[in-house]
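The values are calculated or read from the model by the stated rules, or taken from the named source; none is laboratory data. A quick note: this is a predicted structure, and the numbers were derived from the prediction, not measured. Note: ideal-geometry Cβ built from the backbone for every residue, glycine included; neighbour counts use all protein chains shown. Just so you know, the surface numbers come from the protein's heavy atoms only, side chains and all, with ligands and any DNA or RNA stripped out. Shrake-Rupley method; radii C 1.70, N 1.55, O 1.52, S 1.80 Å.
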Amino acid sequence: MIYIFYFLFYGFFLTAIIGLLASWIDRKVTARIQYRVGPPLLQPLIDIVKLLGKETLIPAGSSKITFLMAPIIGLASVILVSTLLWINNINPAKSFLGDLIVVLYFLVIPSVSIIMGGFASRNPLASLGASREMKLVLSYELPFILAMLVTVIKSGFTFRLGEILAFQAQNGALVRSWSGVLALIVAIICMQAKLALVPFDIPEAETEISGGVLIEYSGSGLAIYKLMKNMLLFTLPFFLIIVFIGGLRFDGIHLLYGVLKYISLVALMTVIRNTNPRVRIDQVVKFFWGPMTIIAIIAVVLALLGR
Amino acid sequence: MSMKLKALLKSAWVFHLSTGSCNNCDIEILDCLTPRFDIERFGMLLVGSIKHADVLLITGSGNRKSMERAKRLYEQIPKPCLVVAVGECALSRGMFIHSYNCPVPIDKVIPVDVYIPGCPPKPEAIIAGVVKLIEKVKKGTEKKSSV
Ligand code: SF4
């Protein structure tokens, strides 16, 4: 019973609310950087309500069921991941063996759902976007997992998120070590790619393939995808906070620290997004398999040496 | 007013279609996005795909080739939607009225909700037109609900 509560309240509502708020912060900061006023506070929510009220068009000749199921699969996996993370964060004793690996797997599914939706919609631009998304997933997954390996090694070869948190509560956050810093940098850049934000927004490239994978989605399908992206905007930084910076705590002054950790990660993402041009897909693959992987391997070696 | 329409008016995503304009109107529309006018304050965004749009914004004189496309786009836009015609050309074909290539004005082909005159209209005029459109939609639904 308690798990259903976790699932609905923490996994869905709280994550969605914080995610919508984060997406507002993102848009507002972008607007301020460009000397604009920016949208009002409720704008992301209004967008989603509006999209839910609109007609859902299914393109002729597309595979209907896949087209409609893809956004739901993505949303469901994000809700599951955030539920897992919240449970571990609130009650570290509840974690089970290998939940770190489960989280890593579930974090790929939103990308997979986008790829499915793109290919199912039978639009050349959407297929192009989907194939780009696939290459993006292939490129960032290697350094991301290497970065996670650093945490595993540092916290005494444990695959439980709860034990990682407990380790950090005793010995201080993992970013205090050299390997932790390097791994966090790699993970932040991979997060940018996972969220498909500039400079890695190649699958959606508004100006080249006009929305890319989502081009055929309208109405509730698009609303679910938007909600999924907004929730990822909370889930991914939250995951990094748990793995590297010691999780969120809700007692006294720690609450403030937690909010600060999260806001600074989101602000960092927004600043990266606003100060970079979009790169090409071959450059992305080179970037992630070259420098990023090397940095991640150095971090792993440092972690093995105990630094 | 229903929740649906209320949300629609507060987050109108615009798809911009040029049916053979001289490009001045298009530039004035882009001006609305710049820091001085910033229509994102009202939740308006320019989108790249017609399936995401709520407002079809048409400029230009509507020549033979592009009107076919305009009609097809109007069929593809998810309803409820609004159509805005910007510029003298889109209203009445302006100086191209005697051209062999512009047989009918745009509103003979697709229903237009608001007309914004000018050659080209100032960004202020475009925003004023959009405000009028929002008021019209509000009044329209009030009338319907009172009947
Ligand atoms: S109305 Fe004037 S400015 Fe606009 S497209 Fe026509 S000629 Fe150009």
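Please state the charge dipole magnitude for chain B, taken about the Cα centre, from unit charges on C-beta atoms (+1 on K and R, -1 on D and E), reported in debye and rounded to the nearest 20. Present the calculation step by step, with values, prior to reporting the outcome.
Numbers: 21 positive and 14 negative charges, 116 e Å.
Charge dipole of chain B: 560 debye, to the nearest 20.
As I understand it, the dipole of the range A:2-306 uses +1 on the Cβ of Lys and Arg and -1 on the Cβ of Asp and Glu, about the Cα centre. Which of A:186, A:39, A:126 lies farthest toward its positive end?
Of the candidates, A:39 comes out farthest on the positive side.
Evaluate the distance, in nm, between pseudo-label points positioned 7 Å from the Cα of residue A:286 and of residue A:112 along their respective Cα→Cβ axes.
Simple spin-label model gives 3.1 nm for this pair.
Place the peptides A:226-232, A:270-276 in order of packing, highest mean first, counting for every residue the other Cβ atoms within 10 Å and averaging per peptide.
Numbers: A:226-232: 24.6, A:270-276: 15.4.
So the order, starting with the most tightly packed, is A:226-232, A:270-276.
Just the Cα atoms of the range B:3-142, one point each, no solvent: what log10 I(q)/I(0) does Debye give at q = 0.11 Å⁻¹?
Reported log10 I(q)/I(0), two decimals: -0.37.
Amide H neighbours of residue A:98 under 5 Å, at least 5 residues apart or on other chains, H built in the peptide plane: list them.
So residue A:98 has HN proximity to A:159, A:160.
For the range B:3-142, with the dipole built from +1 on Lys and Arg beta-carbon atoms and -1 on Asp and Glu ones, taken about the Cα centre, which of B:96, B:81, B:29 lies farthest toward the positive end?
Ranked along the dipole, the leading option is B:81.
Please compute how much accessible surface disappears when A pairs with B, both sides summed, using a 1.4 Å probe, and round it to the nearest 100 Å². Each step should come with its number before you reach the end.
Working: alone 14300 and 8660 Å², together 20810 Å².
Result for this pair: about 2100 Å² buried.
List the extent of the Cα atoms of the range A:1-87 along each of their three principal axes, largest first, rounded to whole Å.
Sorted largest first, the three principal extents are 43, 43, 20 Å.
Using a 1.4 Å probe on the protein chains only, how many percent of the accessible area of chain A belongs to carbon and sulfur?
Working: 9680 of 13200 Å².
C and S atoms contribute 73 percent here.
Could you compute the FRET efficiency for residue A:93 and residue A:17, with r as their C-beta to C-beta distance and R0 at 41 Å, rounded to 0.05? Each step should come with its number before you reach the end.
Working: r = 27 Å, r/R0 = 0.65.
After rounding, the FRET efficiency stands at 0.95.
Using a simple charge model, +1 on the beta-carbon of Lys and Arg, -1 on the beta-carbon of Asp and Glu, nothing else, what dipole does the range B:65-147 show about its Cα centre, in debye to the nearest 20? Provide the component values of the computation, followed by the final result.
Numbers: 14 positive and 8 negative charges, 44 e Å.
Dipole of the range B:65-147, to the nearest 20 debye: 200 debye.
Using alpha-carbon pairs under 8 Å, 6+ residues apart, how would you state the relative contact order of chain A in percent?
Relative contact order for chain A comes out at 28 percent.
Can you give the Rg/Rh ratio of chain A, where Rg is from the C-alpha atoms and Rh is the Kirkwood radius? Before the final figure, lay out each step's value.
On the way: Rg = 19.1 Å, Rh = 19.9 Å.
On the Cα set of chain A, Rg over Rh gives 0.96.
Spelling out what I want: for every residue of the range B:69-78, take phi, set θ = phi - 60°, compute 6.51 cos²θ - 1.76 cosθ + 1.60 (Karplus), and round to whole Hz; glycine and proline get x.
Along the range B:69-78, the couplings run 5, 4, 5, 5, 5, 5, 5, 8, 6, x Hz.
For the range A:1-156, take the convex hull of the Cα atoms, compute a quarter of its surface area, and give me that in nm², please.
Working: hull surface 50.9 nm².
So the Cα hull casts an average projection of 12.7 nm².
Which whole number gives the average count of other chain Cβ atoms within 10 Å of the Cβ atoms across peptide A:138-148?
Numbers: counts 0, 0, 0, 0, 0, 0, 0, 0, 0, 0, 0.
Shielding by partners across A:138-148 averages 0.
Which of A:161, A:67, A:105 sits farthest toward the positive end of the charge dipole of the range A:23-174, with +1 on the Cβ of Lys and Arg and -1 on the Cβ of Asp and Glu?
Sorting the options by dipole projection puts first A:67.
Just the number please: accessible area per residue for the range A:2-306, 1.4 Å probe, all protein chains included, in Å². Can you show the working numbers first?
Details: 12880 Å² over 305 residues.
Here the per-residue accessible area is 42 Å².
Can you give the mean number of other chain Cβ atoms that lie within 10 Å of the Cβ atoms in peptide B:79-88?
That average works out to 1.
About the Cα centre, and with charges only on the beta carbon of Lys, Arg (+1) and Asp, Glu (-1), how big is the dipole of chain A? Nearest 20 debye, please.
My answer is approximately 380 debye.
Within 10 Å of each Cβ in peptide B:41-49, how many partner chain Cβ atoms are there on average? Round it to a whole number, please.
Working: counts 7, 4, 8, 1, 4, 1, 4, 12, 14.
Whole-number average of other-chain Cβ neighbours for B:41-49 is 6.
Could you check the spin-label model distance between residue A:32 and residue B:79? Points 7 Å from the Cα along Cα→Cβ, value in nm.
4.3
Sorting check: for A:137-143, A:113-119, which peptide has the highest mean count of neighbouring beta carbons within 10 Å, and how do the rest follow?
Details: A:137-143: 19.9, A:113-119: 25.1.
Ranked by mean Cβ neighbours within 10 Å, highest first: A:113-119, A:137-143.
Largest first, what is the accessible-area ranking of A:26, B:113, A:251 with a 1.4 Å probe? Mind dumping the intermediate values first?
Values: A:26 20, B:113 50, A:251 80 Å².
In descending accessible area the options line up as A:251, B:113, A:26.
What whole-number value in Å² describes the accessible area per residue of chain B for a 1.4 Å probe?
On the way: 7610 Å² over 147 residues.
Computed with neighbouring chains in place, this is 52 Å² per residue.
For a label point 7 angstrom out from the Cα of residue A:254 toward its Cβ, which stretches of the range A:152-166 have the backbone nitrogen within less than 11 Å?
A:166
Stokes-Einstein diffusion coefficient for the range A:35-85 at 37 °C in a medium of 0.692 mPa s, Rh from the Kirkwood formula over Cα pairs: what value in µm²/s? Before the final figure, lay out each step's value.
Details: Rh = 14.1 Å.
So the translational diffusion coefficient is about 233 µm²/s.
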